[in-house]
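As structure tokens, the structure follows; a few thoughts come after it.
No lab work stands behind these numbers, since they all come straight from the coordinates. None of these values were measured; they are calculated from a predicted model. Methodologically, a virtual Cβ is constructed for each residue, glycine included, from the backbone with ideal geometry; neighbour enumeration extends over all protein chains shown.
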Amino acid sequence: MPKYIQLTESNIDTLVNAYQAGDSLAGAAKHLGMSNRATAKALEARGLKPRTVSAAARKYAVNEAFFDVVSDESVAYWLGFITADGYVYKDVDKKPAGLKVGLAAVDDTHLIKMRDAFDSEHPIRYDTCTLKGSDKVYDSAVLAFGSKRLADRLCEIGVVPAKSLIVKPHLDFPEELHRHYWRGLVDGDGSLLKYKGRTTWILRLLGSKDVIVAFKAFLNNNGIFPKATIKPHHNVWMVSISGNGLVKRVADLLWGGASVFLDRKHEKYVQLMAEPTYYQDRSTLTKEDLLRLYSEYNTWLAVAEFLGTSSSHLDRLKKKLGIRQKKSPSSLRLSREELVTLRAWHDTWSEVATHLDISLNYMYKLKRLAGL
């Protein structure tokens, strides 16, 4: 319990100096072992009003006007990234109080970039966390800005608390900056990857349905028309784009010539762009070309990956060139578990059929026999 202190001018000076140097009310009180209430009265006697909750939490400077106008690459990018990976936290009165972004500790350099963009010297705090719904433990890095003005502005443009399932993209700024916004979102909630032992690259984005639909529209507006389906993924939505030539176009639209990005994703982009894209003009392919590739790669799925195209597109090309699908082996039977496992490896049942080198009709027959 705080002890009674006979306040002298010297004691009050100690409180005032501590408070003006950035200590909280409680922090200043600790210098003399006083209660918060008595400390507040002493400060008010010197004309110092207690700080607001937001100001008290903000010991370090931050550019609170950062998102007032989306006028350049940096603002557009960080708006997209925070839409994906940031969240607005509330004060004790359940009102927006600040912004917080948490990443895996290996990406802490990205938080340093963000801190610099906001003209701040806030410390990055490290912790060990357990992944929700599992026992996986990982090291995290967190950057938080205590700023009611910043939080209110983010809420204004749709980045509200508990936003994951309801957030809508904010694109009310010059169209030439939209790609930077989407790069921020993909850096935060997307992936650019190639599975081990495979040649096909995949670009995915997760988010609310409104975000995913708007991302596909953004690609269409830039002359890119992926046939990827927007589908549910756990409690959010996902779009997945594959085929090396197509993924290169999307990735170059997002990361090409950019100055702000997540280093780890940008390294993947550089790796992707350095890989050759075979047969970009597939109209030159002949029946002999495809049969030669099939004899070399053993399955049509591997041929599709080599060409950087989808299995369904390859099926259409085979039909056009007069290459008949192999007759389905009547002896082939797969259990429900085997089919479910194969489907998990591929985006569509058509790709499963291509992997097994059977017709799509026979694929459906196998599904019926397995009770799928």
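Key figures for this structure:
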| quantity | calculated |
| --- | --- |
| Sequence-distant aspartates and glutamates (8 or more away, or on other chains) whose Cα lies within less than 15 Å of Lys94 | Asp152 |
| Per residue, the convex hull volume that the Cα atoms of the chain enclose (Å³) | 172 |
| Assigned charges on the beta-carbon of Lys, Arg, Asp, Glu; the chain dipole about Cα centre (debye) | 1680 |
| FRET efficiency, 1/(1 + (r/R0)^6) with R0 22 Å, evaluated for Leu253 and Asp72 via beta carbons | 0.75 |
| Relative contact order of the stretch 111-180, pairs being alpha-carbon contacts under 8 Å that are 6 or more residues apart, as % | 19 |
| Estimated FRET transfer efficiency when R0 is 41 angstrom, pair Thr299-Val137 (beta carbons, to 0.05) | 0.55 |
| Helix 36-45 axis, angle to the chain major axis (alpha carbon atoms, nearest 10°) | 60 |
| Computed [θ] at 222 nm, helices only, for the chain once each DSSP H run of length n ≥ 4 contributes -39500 (n - 2.57) | -13500 deg cm²/dmol |
| Translational D in µm²/s for the stretch 73-163 (Stokes-Einstein at 20 °C, 1.002 mPa s, Kirkwood Rh from C-alpha pairs) | 155 |
| Qualifying aspartates and glutamates (Cα of each under 19 Å from Cα of Lys216; at least 8 residues distant if same chain) | Asp172, Glu175, Glu176, Asp187, Asp189, Asp252, Asp347 |
| Three-way shape label, the stretch 9-50, alpha-carbon gyration tensor, a/c 1.5 | rounded |
| Whole-Hz ³J(HN,Hα) from phi, Karplus 6.51 cos²θ - 1.76 cosθ + 1.60, for the stretch 215-220, glycine and proline x | 5, 5, 5, 4, 5, 4 |
| The stretch 182-274 pair-distance distribution - Cα-Cα, 10 Å bins, rounded % | 16, 53, 29, 1 |
